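*Asks:* The structure that follows is given in the form of structure tokens.
The values are calculated or read from the model by the stated rules, or taken from the named source; none is laboratory data. Note that the coordinates shown come from a computational prediction; the quantities given were computed from them, not determined experimentally. Cβ atoms come from the backbone with ideal geometry, glycine included; neighbour counts cover every protein chain shown.
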2 protein chains.
Amino acid sequence: MLEELFAHIDAHFDAHLERVRRFVRQPSISADGTGIGQMAELLAMEIVRLGGRAEVCPTAGHPVVYGELDAGAPKTLLVYGMYDVQPVVGEVWVVPPFGGEIIDLPPHGPCLVSRGATNQKGPLACFFNVLETCRTVTGTFPVNLKLVIEGEEELGSPHLPDFIKANRARLAADAVYFPAFSQDLTGKVVMYLGVKGIVFFELVCRGGDWGGPTTRAVHGSNAVWFHSPTWRLIHALATMLTPDQKHILIDGFYDEVEPPSEEDQELLERLAATFNPETSLQAHEVRRFKYDLTGVELLKKYLYQPTLNIDGIVSGHTAEGTKTVLPHEARAKLDCRLVPRMRPDLTIRRVREHLDRHGFGDIELIVHDAYPWAKTSVRTPVVQALIRSFRELGYEPEVWPHLGGSAPFYLFTGELGLPFAMGGLGHGGRAHSPNEYATVEGMRLFEKSAVSFLCNFAAG
Amino acid sequence: MLEELFAHIDAHFDAHLERVRRFVRQPSISADGTGIGQMAELLAMEIVRLGGRAEVCPTAGHPVVYGELDAGAPKTLLVYGMYDVQPVVGEVWVVPPFGGEIIDLPPHGPCLVSRGATNQKGPLACFFNVLETCRTVTGTFPVNLKLVIEGEEELGSPHLPDFIKANRARLAADAVYFPAFSQDLTGKVVMYLGVKGIVFFELVCRGGDWGGPTTRAVHGSNAVWFHSPTWRLIHALATMLTPDQKHILIDGFYDEVEPPSEEDQELLERLAATFNPETSLQAHEVRRFKYDLTGVELLKKYLYQPTLNIDGIVSGHTAEGTKTVLPHEARAKLDCRLVPRMRPDLTIRRVREHLDRHGFGDIELIVHDAYPWAKTSVRTPVVQALIRSFRELGYEPEVWPHLGGSAPFYLFTGELGLPFAMGGLGHGGRAHSPNEYATVEGMRLFEKSAVSFLCNFAAG
């Protein structure tokens, strides 16, 4: 049966690629709403074409696309997906970012280079190809499927919680699966059993009673006797992190941070044997890590240390040329990645308290999104089914206790109480960056691993 | 004679206003070159219309407009002017910034609201009106005039030094005069006997051997183990100024700073009697000074303290919405105002040495412009002629040892060895800011004071 499914994928792969290109060519930038409605409609139509029922469910933000494909099977898989992508403002690409072009991208070979190619329209479209393959070859699906595809993942999924809570009953399932490419630059399969949480917030410093221009930038010569909101924000930020960038100086920030569990410790030790730090450096064109560590110790920093990152900062005259102004406002966007068992609410409170305690009570803190980390045990059937699918195709996965990035999977593990698994073969890169890509051959492999996973999960 | 000249100004003031509006309606943004060539041509034509010889002199940047009006008089005045203005990018105006509209601008009454209205096309156009008045009423001018009008003042006058040095012989004169509006919000005449110098530079921090992404922003989750150029620039900046923004922490920065001279000390004491700090706060919509000082002590800070101002800073994602990136570059534009007897070269060297000493040798320092301060004694004839012109119109000027702002007047005092004076009646505000303005009645007063100044200087 699996051989037949694989053969069908190979025979129809050109058509499958066209579906992927159709997905990425439809812009769907959640930050400014570009193309969001059209993308949701496109997905709903795809679900209906597979014989399912689809619904574009309004939320207070961008809609969730919900679909059901009932196979009358004993097991039900809830598939989580995202149809939104990051903005491309100010980025320089070798191809149009929404062109869906397939080009040779050394050293990766033929690649789809497009926003969303790997994060996450590429894997999502490939998963639709897999479902189509199952239906064509077998007339049905190995499991019943429930699809929850949100349009606000890149905004921190602000309205997914409402949707999940309001639809708890009809989301009943045996496990959750998130389609993604799991192979790194070298072809190694990397599996993640969880995600970090995130708090994304903005700090805004404006002139006020403390000093500084209150309504507009003024002539720069006044900096001699008026305060600067720009300097103030910089001094406030500088109190939050050591200059070596290794330690966050906010009181209590680490209070809930836990060392690896026993299961994680075992995974880490196995992981250290295959984990190659050089791959990460090369993929990001970075020359050295923040820490002079290797193996398990470097991994522990990566996975169990909270972070305080500046995503952006802006104040005053940033265009070309000289302009001497004393700005009236400075803004910085920051994110904290939350590791087990940090809590978003406590993290936000501690940032606020830190600012207040250091005399920066006037600096406004605006929380744009916040959700906790989530983890599933390696021993659950859904994770074991995914691991088997990799082995069947000749790949021994490198299993990570969790991901460095964030996704709102706490909704599934916490709200719905379900185990989850994410991944598949395939390789992509440069998520959130110019020239985001996915390899063409990787997409073919993804489809084979995903169809195998569905069969394994049904049988397991 | 003066009464006749005043009457002529009053009789032709509508036409005079039209000249001012013509000047400001022609954009001439030195930062991006918009309208620079057209503005230079406009000025050359105006000089020719006054019976003079005019030349648009090319430089390595924007041209200098040079003109000569020979009256066969014993005295020669070199008039310095600028025809460029600050950019308006990102500013919100109540009228189009290059519309030359005259509107009621409470509490100032009828005003010309336009980029350049006060800095410095307003005063420049009014001075042309004065010359036209002299010629119409008397058939000539009280003094010979040489006009040097540059198009790069807002860039820090990068090519004016070349022009001055190359034209030293034909710039021979008895003194230099810079037309400007000298009345503050309350109508008080404020005179400045000098200017501060400036160093405008950019600090650029990029990922490199020290760490951080080297070629592009990467996914923000990597901040846990890669360094951030943004944090690095912030930490570097934070080492340069105390958090209360009162003291620059760069070694040797104050080494050449001198306390007020005896003449300045006398001026300061007289000044303290009329100087009203509240006027400065109100004009800039600022609620408090950096220093809890008043009178002479506050003035000493304003005039004799060097500054380190951040004109702009930018890194990473600054558009709307959330985007989690670890930026590969952060840039800050800064300016230092140089007080007597600071030197631009030493100031730049000390910033560089400070960065190196604090381990920020990788941060690039790009100098965009740099020139020293300049001062003229209150006892020189040109200054005395200007003071007399104010008194003749019923105004006792408040005399400042120098200005808080900068202009390249060292070229005249230093390179050419000439005394200089700047100012005239009239009021304007919001230079370098949205809704820059000049009052209509102030422009009329300016013209009367300037014509009186020319007569006084000729007679003195």
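*Asks:* Working carefully through the options B:E256, B:E285, find the one that is modelled with pLDDT of 95 or more and away from every other protein chain (no Cβ under 14 Å).
*Replies:* Working: B:E285 fails: away from every other protein chain (no Cβ under 14 Å).
Being modelled with pLDDT of 95 or more and away from every other protein chain (no Cβ under 14 Å) holds for just one of B:E256, B:E285, which is B:E256.
*Asks:* Here's something else I'd like to know. For residues that are of a type in the set (D, E, K, R), more than 14 Å from chain B (Cβ to nearest Cβ) and touching a Gly at 6+ places or on another chain (Cβ under 9 Å), tally how many sit in the range A:336-348. Working first, answer last.
*Replies:* Step one: filter the range A:336-348 for residues of a type in the set (D, E, K, R), giving A:337, A:341, A:343, A:345.
Next, only the ones that are more than 14 Å from chain B (Cβ to nearest Cβ) stay: A:341, A:343, A:345.
Then drop every residue that is not touching a Gly at 6+ places or on another chain (Cβ under 9 Å), which leaves A:343.
Of the residues in that region, 1 qualify.
*Asks:* Moving on. Does at least one position in the range B:145-153 carry a residue that is modelled with pLDDT under 95, part of a helix (DSSP H, G or I) and not β-branched (V, I, T)?
*Replies:* Yes, because at least one residue in the range B:145-153 is modelled with pLDDT under 95, part of a helix (DSSP H, G or I) and not β-branched (V, I, T).
*Asks:* From A:H368, A:H317, A:H354, A:H402, grab the single residue that is over 30 Å from B:G151 (Cα atoms) and more than 20 Å from the chain's Cα centre (by Cα).
*Replies:* Details: A:H368 fails: more than 20 Å from the chain's Cα centre (by Cα); A:H317 fails: over 30 Å from B:G151 (Cα atoms); A:H402 fails: more than 20 Å from the chain's Cα centre (by Cα).
It is A:H354.
*Asks:* In the range B:336-351, which residue that is surrounded by 18 or more Cβ atoms within 10 Å (Cβ to Cβ) and in contact with an Asp or Glu (Cβ under 6 Å, 6 or more places away or on another chain) is farthest from A:D32 (Cα to Cα)?
*Replies:* Within the range B:336-351, the match that is farthest from A:D32 (Cα to Cα) is B:P340.
*Asks:* For residues in the range B:186-210 being assigned to a loop (DSSP other than H, G, I, E, B) and more than 9 Å from chain A (Cβ to nearest Cβ), which is surrounded by the fewest Cβ atoms within 10 Å (Cβ to Cβ)?
*Replies:* At the first step, the residues of the range B:186-210 found to be assigned to a loop (DSSP other than H, G, I, E, B) are B:186-188, B:193, B:207, B:209-210.
Adding the requirement that they be more than 9 Å from chain A (Cβ to nearest Cβ) leaves B:186-188, B:193.
Numbers: B:T186: 11, B:G187: 13, B:K188: 17, B:L193: 25.
My answer is B:T186.
*Asks:* While we're here: Give the residue, chosen from A:G417, A:G442, that is assigned to a helix (DSSP H, G or I) and away from chain B (no Cβ under 12 Å). It would help to see each step written out before you state the result.
*Replies:* Working: A:G417 fails: assigned to a helix (DSSP H, G or I).
It is A:G442.
*Asks:* Hey, another quick one. Just one of the numbered conditions (1) touching a His at 6+ places or on another chain (Cβ under 6 Å); (2) crowded, with 24+ Cβ neighbours inside 10 Å; (3) within 14 Å of chain A (Cβ to nearest Cβ) is not true of B:E436; which one?
*Replies:* (1)
*Asks:* Restricting to the range B:233-244, what's the tally of residues that are at the interface with chain A (Cβ under 8 Å from one of its Cβ atoms) and farther than 14 Å from B:L334 by Cα? Full working, then the answer.
*Replies:* Taking the range B:233-244 as the starting set, the residues that turn out to be at the interface with chain A (Cβ under 8 Å from one of its Cβ atoms) are B:234-235, B:237-238, B:241, B:243.
Still in the list and also farther than 14 Å from B:L334 by Cα: B:235, B:243.
Count: 2.
*Asks:* Consider B:F453 carefully, then state whether it is surrounded by 17 or more Cβ atoms within 10 Å (Cβ to Cβ), under 15 Å from B:F178 (Cα atoms) and of a type in the set (A, V, I, L, M, F, W, C).
*Replies:* Values: surrounded by 17 or more Cβ atoms within 10 Å (Cβ to Cβ): yes; under 15 Å from B:F178 (Cα atoms): yes; of a type in the set (A, V, I, L, M, F, W, C): yes.
For B:F453, the condition - surrounded by 17 or more Cβ atoms within 10 Å (Cβ to Cβ), under 15 Å from B:F178 (Cα atoms) and of a type in the set (A, V, I, L, M, F, W, C) - is met.
*Asks:* Which condition number does A:P213 fail, the rest of (1) surrounded by fewer than 17 Cβ atoms within 10 Å (Cβ to Cβ); (2) over 27 Å from A:Q305 (Cα atoms) being met?
*Replies:* All conditions are met except number (1).
*Asks:* Now for a different question. Among B:L160, B:L147, B:L124, which is within 17 Å of B:R444 (Cα to Cα) and not charged (D, E, K, R)? Quick ask: steps written out before the conclusion?
*Replies:* Working: B:L160 fails: within 17 Å of B:R444 (Cα to Cα); B:L147 fails: within 17 Å of B:R444 (Cα to Cα).
So the residue among B:L160, B:L147, B:L124 that is within 17 Å of B:R444 (Cα to Cα) and not charged (D, E, K, R) is B:L124.
*Asks:* Can you say whether B:E278 is at pLDDT below 95, surrounded by fewer than 14 Cβ atoms within 10 Å (Cβ to Cβ), among the charged types (D, E, K, R) and farther than 30 Å from A:R287 by Cβ, as far as the supplied structure shows?
*Replies:* Values: at pLDDT below 95: yes; surrounded by fewer than 14 Cβ atoms within 10 Å (Cβ to Cβ): yes; among the charged types (D, E, K, R): yes; farther than 30 Å from A:R287 by Cβ: yes.
Judged against the criteria, B:E278 is a match.
*Asks:* Looking at the range A:352-363, can you tell me whether even one residue there is within 12 Å of chain B (Cβ to nearest Cβ) and surrounded by fewer than 16 Cβ atoms within 10 Å (Cβ to Cβ)?
*Replies:* To start, the set of residues in the range A:352-363 that are within 12 Å of chain B (Cβ to nearest Cβ) comprises A:358-360, A:362.
Narrowing further to those that are surrounded by fewer than 16 Cβ atoms within 10 Å (Cβ to Cβ): A:359.
The answer is yes; a qualifying residue exists.
*Asks:* Next question. Can you name every residue in the range A:13-23 that is under 15 Å from A:L445 (Cβ atoms) and out of contact with any Cys (no Cβ under 8 Å at 6 or more places or on another chain)? Break it down stepwise before answering.
*Replies:* Within the range A:13-23, the subset under 15 Å from A:L445 (Cβ atoms) is A:13, A:16-17, A:20.
Answer for the range A:13-23, where residues must be under 15 Å from A:L445 (Cβ atoms) and out of contact with any Cys (no Cβ under 8 Å at 6 or more places or on another chain): A:F13, A:L17.
*Asks:* Within the range A:46-104, can you find the residues that are among the acidic types (D, E) and within 21 Å of B:H317 (Cα to Cα)? Working first, answer last.
*Replies:* Of the residues in the range A:46-104, the ones among the acidic types (D, E) are A:46, A:55, A:68, A:70, A:84, A:91, A:101, A:104.
Once the filter is applied, which keeps residues that are among the acidic types (D, E) and within 21 Å of B:H317 (Cα to Cα), the range A:46-104 yields A:D84, A:E91.
*Asks:* Going residue by residue through the range B:367-381, is there one that turns out to be surrounded by fewer than 22 Cβ atoms within 10 Å (Cβ to Cβ), part of a helix (DSSP H, G or I) and modelled with pLDDT of 95 or more?
*Replies:* yes
*Asks:* Also: Output the residue which, of all residues in the range A:302-325 that are more than 7 Å from every other protein chain (Cβ to nearest Cβ) and touching a Cys at 6+ places or on another chain (Cβ under 8 Å), is surrounded by the most Cβ atoms within 10 Å (Cβ to Cβ).
*Replies:* Applying the first criterion (more than 7 Å from every other protein chain (Cβ to nearest Cβ)) to the range A:302-325 yields A:303-304, A:306, A:308.
Those left that are additionally touching a Cys at 6+ places or on another chain (Cβ under 8 Å): A:306, A:308.
Working: A:P306: 20, A:L308: 24.
Looking at residues that are more than 7 Å from every other protein chain (Cβ to nearest Cβ) and touching a Cys at 6+ places or on another chain (Cβ under 8 Å), I get A:L308.
*Asks:* Give the range B:211-232 a look and list any residue that's at the interface with another protein chain (Cβ under 9 Å from one of its Cβ atoms) and assigned to a helix (DSSP H, G or I), or say none.
*Replies:* Here is the first cut: in the range B:211-232, the residues at the interface with another protein chain (Cβ under 9 Å from one of its Cβ atoms) are B:211-228, B:230-232.
Across the range B:211-232, the qualifying residues are B:G220, B:S221, B:N222, B:A223, B:V224, B:T230, B:W231, B:R232.
*Asks:* Is at least one residue of the range B:282-298 in contact (Cβ under 8 Å) with a residue 40 or more places away in the chain, surrounded by fewer than 23 Cβ atoms within 10 Å (Cβ to Cβ), farther than 30 Å from B:V351 by Cα and not aromatic (F, W, Y)?
*Replies:* yes
*Asks:* Pull up the range B:47-96, narrow it to residues that are more than 18 Å from B:H432 (Cβ to Cβ) and polar (S, T, N, Q), then point me to the one that is nearest to the other protein chains (Cβ to nearest Cβ).
*Replies:* Ranking the candidates gives B:T59 first.
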